[in-house]
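Report on the structure given below.
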């Protein structure tokens, strides 16, 4: 089996999704923590298009974009299926909601890093987003893997402030054991927010 | 085999991608042309989140988002594999570039429907986008299926005006036979542009 490496960031949900998948599959890997203000030459070499974490390296061949990495892991190591429902129709619904979260999730990030009227607008947009997911995606059918919603959770201030999300995550032992420290995460995100708001 | 329906729009590349996949697989289907200014009750019922074409209906169960539809078709009707490379690593690279096109492609649309300085900015952004694809995605390795690039082609004014793209499409007989009429498409897009620019 070729060597596996992960370039990540400890507080990034995109990076932690990959950590959780690797732990669940029991795949040994080398973890490289990236300083996002001073990225390594390897990261820039492996992800010249986006220059972002996470980057998954399998025998020197890089895979970028967290969802692409997760589908690759699922296909290369099919034991402990986890990422996708086994039924093709349910899998299509899962992909629909993953795309929805990826496309629209920027509203949640905006809420995180804006102030004043921008913050008001971002909160309104994020709330509409969550209501759409609740209305159409979380009906009786529960189309998508519950773990996914829990994973999306920690990215937002809204959710960070909701202990219920954290206790949901803790119901999945593997995720609980590999969650970043909530207190350190809040501090890190607050610092990031201050930097961004000040430089805006 | 359950009944297959497609709600589409004749000039939409997102809709035509699905038509091409169905033709390639030889799947019989009922096609419903949607008036995008007066969408059918079925469309709104089947795609309440985005209210957009294409919507693929398989035995009354809807699948939305063109890429999700294509992956569903590939998984349900695995003969004539077409959408994705068979090697998992090549498939990951294809997914990376598909995501890139979906995320960044909006720059191409902006170019289509803006004027003045906005148009200048959009053209600059679209050109950078194409150069990134050419530099990193179209190297010797030709990571992604050439058909994809040809399919992305017809959406942009830039490409519409380039006969070479149309002749590329025509090299794939199945696509050639099912391409919308180029002249009618230019007229339709110009009309759409005028409406949008006037109402902006």
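The values are calculated or read from the model by the stated rules, or taken from the named source; none is laboratory data. On a predicted model such as this, the values are computed, not experimentally measured, just so you know. Cβ atoms come from the backbone with ideal geometry, glycine included; neighbour counts cover every protein chain shown.
Could you say whether any residue in region A:97-113 is more than 16 Å from the chain's Cα centre (by Cα), closer than 29 Å to residue B:106 by Cβ, touching a residue at least 12 places away in the same chain (Cβ under 8 Å) and part of a loop (DSSP other than H, G, I, E, B)? Among the residues of region A:97-113, at least one is more than 16 Å from the chain's Cα centre (by Cα), closer than 29 Å to residue B:106 by Cβ, touching a residue at least 12 places away in the same chain (Cβ under 8 Å) and part of a loop (DSSP other than H, G, I, E, B), which makes the answer yes. For region A:168-200, the set of residues classified as loosely packed, with under 11 Cβ neighbours inside 10 Å and at pLDDT below 70 consists of A:200 only. Each residue in region A:68-90 was checked for being in a helix (DSSP H, G or I), more than 7 Å from chain B (Cβ to nearest Cβ) and surrounded by fewer than 19 Cβ atoms within 10 Å (Cβ to Cβ), and 2 pass. Put simply, of B:47, B:16 the only residue that is in contact (Cβ under 8 Å) with a residue 60 or more places away in the chain and out of contact with any helix residue (DSSP H, G or I) (no Cβ under 7 Å at 6 or more places or on another chain) is B:16.
Looking at region B:110-127, is at least one residue at pLDDT 70 or above, surrounded by 19 or more Cβ atoms within 10 Å (Cβ to Cβ) and in contact with a helix residue (DSSP H, G or I) (Cβ under 9 Å, 6 or more places away or on another chain)? Among the residues of region B:110-127, at least one is at pLDDT 70 or above, surrounded by 19 or more Cβ atoms within 10 Å (Cβ to Cβ) and in contact with a helix residue (DSSP H, G or I) (Cβ under 9 Å, 6 or more places away or on another chain), which makes the answer yes.
Scanning region B:52-67 for residues that are facing chain A (nearest Cβ under 10 Å) and on the phi > 0 side of the Ramachandran plot yields B:59, B:65.
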